[in-house]
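Step one of this worksheet: look at the structure below.
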Amino acid sequence: MIKAQFSQQAVPFASTPVLSNDQTNRLVINTLGIDSHDVVLDVACGPGLITCAIAEVAKCVTGVDITPAMIQQARQKKQNRPNMEWVIGDVEPLPFNDAQFSVVVTRYSFHHFLDPISVLGEMVRVCEPGGTIGVVDMFTSSDAGAGPEPDGTTA
């Protein structure tokens, strides 16, 4: 079901300006301290919007996503960067070795994970000791933005 839903959203998601905002990408990269020495993993990378921005500064970056249509969109955005790799794979478990990355990031995806604590554990497992893990997501602080109540009404 997840693959089917995100396959339908791959093209629109890849072209949504708010998700590929350069200023936001730069804020994430600077906050995480990503530089030319880093080997980075982007978990649930979608169409690779931040992955491509990270590739501009990191030694190398790998984007992993369970949805082949998202990876297809990511490959189209690659812009012939030799320091990028795309992997179709699940987040539980992540298909990587222990301590393989110096930075592990996920952006706008954590709210979709069925078991976010397990995914965070996987992110820790593939991050080297002393490395950096970044979880960037959105939330609402108002009842109106939270969606329907359990009985189907809105607040």
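Every number in this text was worked out from the coordinates using simple rules, so none of it is lab data. These figures come from a predicted structure and were not determined experimentally. Here Cβ is always computed from backbone atoms with ideal geometry, including for glycine, and neighbour counts include all displayed protein chains.
Compared with the direct C-alpha span, the chain from Ile117 to Asn21 gains 31.8 nm at full extension, assuming 0.36 nm per residue.
Here the simple spin-label model places points 7 Å from the Cα toward Cβ, and for Gln72 and Arg125 these points are separated by 3.0 nm. Taking each residue as 0.36 nm, the span from Asn80 to Asp137 lengthens on full extension beyond its C-alpha to C-alpha distance by 17.7 nm.
In a shell of Cβ-Cβ distance under 13 Å around Cys52, excluding Cys52 itself, what net charge do Lys and Arg (+1) and Asp and Glu (-1) give?
On the way: positive: Arg26, Arg75, Lys77, Lys78, Arg81, Arg107; negative: Asp22, Asp42, Glu56, Glu85.
With Lys, Arg at +1 and Asp, Glu at -1, the net is +2.
Between Val87 and Gln100, the modelled labels are 0.2 nm apart [label points 7 Å from Cα along Cα→Cβ]. Exposure proxy for Met70, Met138, Met123: other Cβ atoms within 10 Å of each Cβ, ordered fewest to most, give Met138, Met123, Met70.
How charged is the neighbourhood of Val87? Take every other residue with its Cβ under 14 Å from the Cβ of Val87, and add Lys/Arg as +1 and Asp/Glu as -1. Kindly include the intermediate steps, with their values, before the conclusion.
Values: positive: Arg75, Lys78; negative: Asp42, Asp65, Glu85, Asp90, Glu122.
Overall, the nearby charge balance is -3.
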